[in-house]
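**Student:** Quick one: the structure is below, questions incoming.
Any read-out appearing in this document is the output of simple, stated calculations on the displayed coordinates, not a laboratory observation. Not measured: the values here are computed from a predicted model. Glycine also receives a Cβ, built like all others from the backbone with ideal geometry; neighbour counts cover every protein chain displayed.
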Amino acid sequence: MIFAEFIHTSNKKVFKVSARIIWFSSLFMCVLASIPKIRQLRITFTELMVDASVAFLYSLFVWYYNLYSLPKFTSQHITTGFFNRRLALSLILGIGLMIVLVSGHQLLFPKYHFSEMMLMYQFRGILINLTIYMFINLLCQAHHAQQISVELERSKADNLGAQYELLKQQVNPHFLFNSLNTLKSMIDINDPNSADFILKLSDFYRFSLENRKMDLIPLTEELNILNAYMFLLKARFEDGICLSIALNDQHKQSYIPPFTLQLLIENCVKHNVISLNKPLHIWLYSEGDTIVIENQLQLKKTPESSTRMGLENINQRYLHHLNNKIQVTTDDDIFKVKLPVIYEYRNY
């Protein structure tokens, strides 16, 4: 990688440039700077190497100075503008360094007359300084744009996760009050099925505790939950409610968000008349790549207030897992919900 992340004490993410990039680019700068010398036919190899060393040492200084002047080592914020105080200071220090480098080379190699080309070296240094500064500036901006994108994706993922946790929390059954009333009535009349009712109620809430943190469960486990729930409804409504199940074997090997079927049955009970004279029939069956829950419509004359929370909850969970909505259709006689089949369990 060209740059790598570091964490500053103030939790600001910055970057550093690979040493390999710094040294190779400095070498490339010195080669470019030496091209005019190479074109001189009478120049010796030693003079060429000495001349190139000026650009190489200068490039290394500019690289490390600009990197160490980034906010990783200061309390300043990174500026988005190209021309700023840091660039001005880099140019001023570069001019001073070039004077030192040229003067030092002149002392070490007096026969090459480096001091006579001071203006040329200064012009070359300014170009190198601007080029390296621009490259660092572009890398820094790209790095921060990448960090912003990562943070946005992380925030989006956290938000989706939080929303999904809320969806799962909404699934907790809220029919306990009715179930306890039914149990009280059964005990008052010494109903022999009271013990079975308590066991099924216990099973249902055990299923709730075991599966409430799961994103998906096998359809067979969901059917066990549904059977326990239907037993409780049967104890309450007796033959006033009837569920017929006709699922194919392939669908029984699929997965489903926990309590989906229970919520849909609960929705049927909430909005329809249930009595021995007018029993509510519900069908659960396979149709193509969907699982269908269908019931005859016999709506209450005084309907209960509805927030459509149950259906929306199920729809959002299927969007989360499959990016696919449930299908809800209704006419004068039938209310139908089609659930897409989830064949593979992914760990979200």
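**Student:** Which one of Asn248, Ile225, His321 has its Cα pushed farthest toward the positive end of the charge dipole of region 174-340, where Lys and Arg give +1 and Asp and Glu give -1 at the Cβ?
**Tutor:** His321
**Student:** Oh, and also: Mind scanning Lys184/Lys301; Lys184/Lys270; Lys252/Lys338; Lys278/Lys301; Lys200/Lys270; Lys156/Lys325 and naming the pairs with a C-alpha gap bigger than 23 Å? Present the calculation step by step, with values, prior to reporting the outcome.
**Tutor:** Numbers: Lys184/Lys301 28 Å; Lys184/Lys270 21 Å; Lys252/Lys338 16 Å; Lys278/Lys301 14 Å; Lys200/Lys270 21 Å; Lys156/Lys325 20 Å.
Pairs exceeding 23 Å: Lys184/Lys301.
**Student:** In whole angstrom, and with the biggest value first, how far do the Cα coordinates of region 239-293 range along each principal axis?
**Tutor:** Largest to smallest, the principal-axis extents are 37, 19, 15 Å.
**Student:** Amide H neighbours of Ile256 under 5 Å, at least 5 residues apart or on other chains, H built in the peptide plane: list them.
**Tutor:** It is Ile217, Leu219, by chain and number.
**Student:** If we count other beta carbons within 10 Å of each Cβ, what is the order of His281, His113, fewest first? Walk me through the numbers on the way to the answer.
**Tutor:** Numbers: His281 14, His113 9.
Neighbour counts put them in this order, fewest first: His113, His281.
**Student:** Across every pair of different alpha-carbon atoms, what Kirkwood hydrodynamic radius in Å does region 174-340 reach? Before the final figure, lay out each step's value.
**Tutor:** Numbers: mean 1/r = 0.0596 Å⁻¹.
Hydrodynamic radius (Kirkwood, Cα only) of region 174-340 equals 16.8 Å.
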